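The values are calculated or read from the model by the stated rules, or taken from the named source; none is laboratory data. Please read all numbers here as calculations on a predicted model, not as lab measurements. For neighbour counting, all protein chains shown are included, and Cβ atoms are generated from backbone atoms with ideal geometry for every residue, glycine included.
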Amino acid sequence: MAFRDDGAEKARVLVEALPYIQKFAGKTIVIKYGGHAMVDPLLKESVMLDVLLLHSVGIRPVLVHGGGPEINAMLKKVGKESQFVHGLRVTDAETMEIAAMVLVGKLNTEIVSIINRFGGKAVGLSGKDASLFLAEKKPMRLPNSRGEMEEIDLGYVGEIYQVAPDLIETLLDRGYIPVISPLAGGEDGETYNINADTAAGKVAEALKADKFLLLTDVRGVLRTLGEPESLISTIRREEVTVLMEQGVFSGGMMPKVECAIAALAGGVGSVHIFDGRLPHAILLELFTDGGIGTMFT
Ligand SMILES: Nc1ncnc2c1ncn2[C@@H]1O[C@H](COP(=O)(O)OP(=O)(O)O)[C@@H](O)[C@H]1O
Ligand SMILES: CC(=O)N[C@@H](CCC(=O)OP(=O)(O)O)C(=O)O
């Protein structure tokens, strides 16, 4: 957004945001911050400033972050490469260890430090803290080349079957900003790797969030991949099956759409997928009439 550099213009922008600020004050907004939208350190800071601004006007933001590209980079350093099935990383024991190091040890603490440096009170957690998530091994069956259903072993990829949001609610009530890594513990004592979209969707559902925002590296859902002008601005729940049958969603968009639908069914007000690499994308999506990405209603 290009602002004219004079006081009146700045005041106009603030006044225009007022109805939205009033509408969203006290509301819970879950933000999935995807790995592709966090590669640039300056961009990371600008996203965190947006989150802090939301918090400062009385909104209750909850961050769930990913880190797929950073996990890939670390795996590459140790000579490993991952295979993805339906956007999910097939996770062996070593990959699980590296994913946990990157997500919790590196990215979570980085995000928390940025927010706190700007004057916020962020608290870093993973799904294992206070058993926020309980997960079990995720089953996956897909048709093989002969069209027969075949079991695929995803390793330590987990499926969340229980969410205990009380810790998040307590933190929000006391003015903290929770920052959550997508790991989960199992009753079997294992650590599971959870797709960050899915983890964020589960948090949004459990909190009955008013809005669930997914920040990624595309404008939103595109009818034709690679053609930004084919953006679909609004998708109603009942339209998703048709779009799926048309093969519109693939790769990393699959878990996003699946969790968007589950979140809506679970009582979340609306789900928004948009390009988190645009400066101040969160503010543009929330505080302007048209929004900038795809909204699921
Ligand atoms: N219909 C679609 N519209 C937009 N992106 C799509 C679509 N189908 C598949 N994708 C892919 O999904 C990717 C976003 O998912 P992902 O790479 O997992 O991002 P993130 O790391 O932000 O979660 C896009 O970069 C794009 O390649
Ligand atoms: C099971 C699974 O795929 N887990 C993801 C967790 C991180 C993630 O989802 O990061 P993005 O949001 O940046 O894609 C992974 O290992 O990459």
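Restricting attention to the stretch 35-57, and to residues there that are within 13 Å of ligand 1 (Cβ to nearest atom) and over 14 Å from residue 179 (Cβ atoms), which single residue is modelled with the lowest pLDDT?
Initially, the stretch 35-57 is screened for residues within 13 Å of ligand 1 (Cβ to nearest atom), giving 35-39, 43, 47.
Right, trim to over 14 Å from residue 179 (Cβ atoms) and you get 35-37, 39, 43.
Values: 35: 92, 36: 90, 37: 88, 39: 81, 43: 92.
The extreme case among them is 39.
Looking across the stretch 153-170 at every residue that is surrounded by 18 or more Cβ atoms within 10 Å (Cβ to Cβ) and assigned to a loop (DSSP other than H, G, I, E, B), the one that is farthest from ligand 1 (Cβ to nearest atom) is identified as 165. Within the stretch 187-199, does at least one residue satisfy the condition of being farther than 29 Å from residue 234 by Cα, within 16 Å of ligand 1 (Cβ to nearest atom) and among the polar types (S, T, N, Q)? The answer is yes, given that some residue of the stretch 187-199 is farther than 29 Å from residue 234 by Cα, within 16 Å of ligand 1 (Cβ to nearest atom) and among the polar types (S, T, N, Q). The one condition from (1) of a type outside the set (S, T, N, Q); (2) touching a Lys or Arg at 6+ places or on another chain (Cβ under 7 Å); (3) assigned to a loop (DSSP other than H, G, I, E, B); (4) surrounded by 19 or more Cβ atoms within 10 Å (Cβ to Cβ) that residue 114 does not meet is (3). Cβ-Cβ distances below 7 Å connect the following pairs, each with a first residue in the stretch 274-295 that is among the aliphatic types (A, V, I, L, M), a second residue that is part of a strand (DSSP E or B) and more than 14 Å from ligand 1 (Cβ to nearest atom), and a separation of six or more residues or different chains: 295/234; 295/270. How many of the residues in the stretch 133-148 are free of Cβ contacts under 8 Å to residues at least 60 places away in the same chain and either surrounded by 16 or more Cβ atoms within 10 Å (Cβ to Cβ) or closer than 14 Å to residue 187 by Cβ (or both)? Residues flagged as free of Cβ contacts under 8 Å to residues at least 60 places away in the same chain and either surrounded by 16 or more Cβ atoms within 10 Å (Cβ to Cβ) or closer than 14 Å to residue 187 by Cβ (or both) within the stretch 133-148 amount to 6. Would you be able to say whether some residue in the stretch 214-223 is over 15 Å from the mean Cα position of the chain (by Cα), within 8 Å of ligand 1 (Cβ to nearest atom) and more than 23 Å from residue 268 (Cα to Cα)? Yes: the stretch 214-223 contains one or more residues that are over 15 Å from the mean Cα position of the chain (by Cα), within 8 Å of ligand 1 (Cβ to nearest atom) and more than 23 Å from residue 268 (Cα to Cα). The set of residues in the stretch 254-297 that are within 16 Å of ligand 2 (Cβ to nearest atom), more than 14 Å from residue 218 (Cα to Cα) and assigned to a strand (DSSP E or B) contains only 271. Which residues, counting only those in the stretch 222-256, are crowded, with 17+ Cβ neighbours inside 10 Å and modelled with pLDDT of 90 or more? Across the stretch 222-256, the qualifying residues are 222, 231, 232, 235, 240, 248, 249, 253, 256.
Results for (1) touching a strand residue (DSSP E or B) at 6+ places or on another chain (Cβ under 7 Å); (2) more than 23 Å from residue 199 (Cα to Cα); (3) basic (Lys, Arg), shown as yes or no for each residue.
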position: 29; (1), (2), (3): yes, no, no
position: 41; (1), (2), (3): no, yes, no
position: 46; (1), (2), (3): no, yes, no
position: 56; (1), (2), (3): no, yes, no
position: 65; (1), (2), (3): yes, no, no
position: 73; (1), (2), (3): no, no, no
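Against the list (1) free of Cβ contacts under 8 Å to residues at least 60 places away in the same chain; (2) within 16 Å of ligand 2 (Cβ to nearest atom), the condition residue 251 fails is (1).
Just to verify a result, which residue in the stretch 122-174, among those that are of a type in the set (Val, Ile, Thr) and in contact with a helix residue (DSSP H, G or I) (Cβ under 8 Å, 6 or more places away or on another chain), is nearest to residue 206 (Cα to Cα)?
Filtering the stretch 122-174 down to residues of a type in the set (Val, Ile, Thr) leaves 123, 152, 157, 160, 163, 168, 170.
Filter once more, keeping what is in contact with a helix residue (DSSP H, G or I) (Cβ under 8 Å, 6 or more places away or on another chain): 123, 160, 163, 168.
On the way: 123: 19, 160: 12, 163: 7, 168: 10 Å.
Per the stated criteria, the residue is 163.
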